[in-house]
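I have placed the structure first, in the form of structure tokens, so that the comments after it can refer back to it.
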Protein chains: 2
Amino acid sequence: MNQISAFVINRLTLYHFILDELNDETISSTKIGHLLNIDPSQVRKDLKLLNTSGKCKVGYEVKALKLSIEKTLGFKNTKDAFIVGAGNLGSALAKYNSFKDYGLNVIAMFDNDSKKISTTINGKEVFEISKIGNLSKRLNVDIAILTVPKESAQAVANYLAGSGIKYIWNFTPVVLDIPKTVKVWNENLIGSFLQFINYDEVKNK
Amino acid sequence: MNQISAFVINRLTLYHFILDELNDETISSTKIGHLLNIDPSQVRKDLKLLNTSGKCKVGYEVKALKLSIEKTLGFKNTKDAFIVGAGNLGSALAKYNSFKDYGLNVIAMFDNDSKKISTTINGKEVFEISKIGNLSKRLNVDIAILTVPKESAQAVANYLAGSGIKYIWNFTPVVLDIPKTVKVWNENLIGSFLQFINYDEVKNK
């Protein structure tokens, strides 16, 4: 499937949120647009990407539309993940309950600070970093969210690569140099926001 | 300009990072690809989007290429911003120095917790929320990064709308209902990451 833009992902996420709140069986693009202050023609354009079976004029079946969005965005392929680095950002992400709604289930955290180890943040226990290989295997987790200080980023990433981690969501400002078998998503947070404030909404696809 | 996908933004940001570290005057797509473990043909495809004057076979002028990326992604249109909500996430973002590299300059924070007011987080002072209208006008700031608890999100957003704020980067899981004169970017953090782990890299545009 073609990869879709951040603006479209964002709107699809909003539609999903609205659909979750509804008790109706069907909904029209006009109503979706009205609830979210989005032009209904934009709504229809977005939903066309989903290969859903709704008829634009009559309306969309709410359940089918939700499932379609979940499938397109991968929400229901629930995956377990670790947060590595229990500082401000790691703790904030541990409390970010939206991740669970979207299928990313943080089940444990790791750090090397003895004051943090064995504490719990939003129900997630902080383990000593050296335990990650063992827990990764036992719990079948291959996703790590990297939120360590930049000085430690490369060393920790090397360690993760040797510990069974296959995907790193990199929140550090470091370009990680690790084997290609580990896929890295460099979170730059600001990329889509910059586009948003620098360009008119009318230019949205 | 057509809005570009999160994957391309991400790679352009990486290229910019690499170019920043170089002392050479020119660089080839092969070298960029080698440094970042990205296929050189993908690099060339991305750089074609920039309307840069480099010749693919000879190489790109490093300075011109950097400027081109900065212009495309809006890095150099430096904008000042406030963080509203000085909890874990707000504090983490206050310490996220990459924002400044990309032209978003957080100059103050706001909260209603007396224990936080008048403290400083990474050089940014925390003010009482009621001061935001005054400071927004005095400092000519119209961007607010919203990191309050979800229970307060709508009320605070209403307040921001009445205080001169024109752009809200919304980190709360609440769909904000405010006048269309205020543009809201709903940060869902996970959208692009989900695409990344659910689809093969080869499908990247």
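Every number in this text was worked out from the coordinates using simple rules, so none of it is lab data. Because the structure is predicted, anything quoted here is derived from the model rather than measured. Glycine gets a Cβ as well: all are built from the backbone with ideal geometry, and neighbour counts include every protein chain shown.
What the table shows:
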{"read-out": "Cα pair distances of the protein assembly as shown binned at 20 Å [whole percent]", "value": "25, 58, 17, 0"}
{"read-out": "GNM result for chain B, Cα springs below 10 Å: residue of B:Ile129, B:Ile38, B:Ile83 fluctuating most strongly", "value": "B:Ile38"}
{"read-out": "With Cα atoms, 0 to 90° folded angle of helix B:6-20 axis to chain B main axis", "value": "70"}
{"read-out": "Residue pairs, from the table A:Lys76/B:Lys71; A:Lys45/B:Lys31; A:Lys95/B:Lys124, whose Cα atoms sit over 31 Å apart", "value": "A:Lys76/B:Lys71; A:Lys45/B:Lys31"}
{"read-out": "For a label point 7 Å along the Cα-to-beta-carbon line of A:Asp80, residues of segment A:121-157 with backbone N under 14 Å", "value": "A:124-125, A:132-144"}
{"read-out": "Average projection area in nm² (convex hull over Cα atoms of segment A:30-106, one quarter of hull surface)", "value": "6.5"}
{"read-out": "Most fluctuating residue given options A:Lys100, A:Lys79, A:Lys115, as computed from a GNM of chain A linking Cα atoms under 10 Å", "value": "A:Lys115"}
{"read-out": "Interchain or long-range residues, amide H under 5 Å from B:Glu125's placed H", "value": "B:Met109"}
{"read-out": "Mean shadow area of chain A over all directions, Cα convex hull, nm²", "value": "13.2"}
{"read-out": "Proportion of all alpha-carbon pairs of segment B:6-73 beyond 20 Å (%)", "value": "12"}
{"read-out": "Span from the segment B:9-34 Cα centroid across to the segment B:76-101 one, whole angstrom", "value": "26"}
{"read-out": "Computed E for B:Ile107/A:Ala64 - FRET, C-beta separation, R0 41 angstrom, nearest 0.05", "value": "0.30"}
{"read-out": "Amide hydrogen neighbours beyond the local backbone of B:Val184, cut-off 5 Å, H modeled", "value": "B:Ile168"}
{"read-out": "Cα-based equivalent ellipsoid, segment A:98-205: semi-axes from gyration tensor eigenvalues, Å", "value": "29, 17, 14"}
{"read-out": "Loop trypsin sites (Lys or Arg not before Pro), segment B:135-195, which have at most 13 other Cβ atoms in a 10 Å radius of their Cβ (DSSP)", "value": "B:Lys180"}
{"read-out": "MRE, 222 nm, helices only [DSSP H, n ≥ 4, -39500 (n - 2.57), over chain B, to nearest 500]", "value": "-11500 deg cm²/dmol"}
{"read-out": "Spatial separation of Cα centroids for segment A:155-199 and segment B:127-205, in angstrom", "value": "23"}
{"read-out": "Estimated inter-spin distance, A:Glu128 and A:Asp39, nm [label 7 Å along Cα→Cβ]", "value": "6.0"}
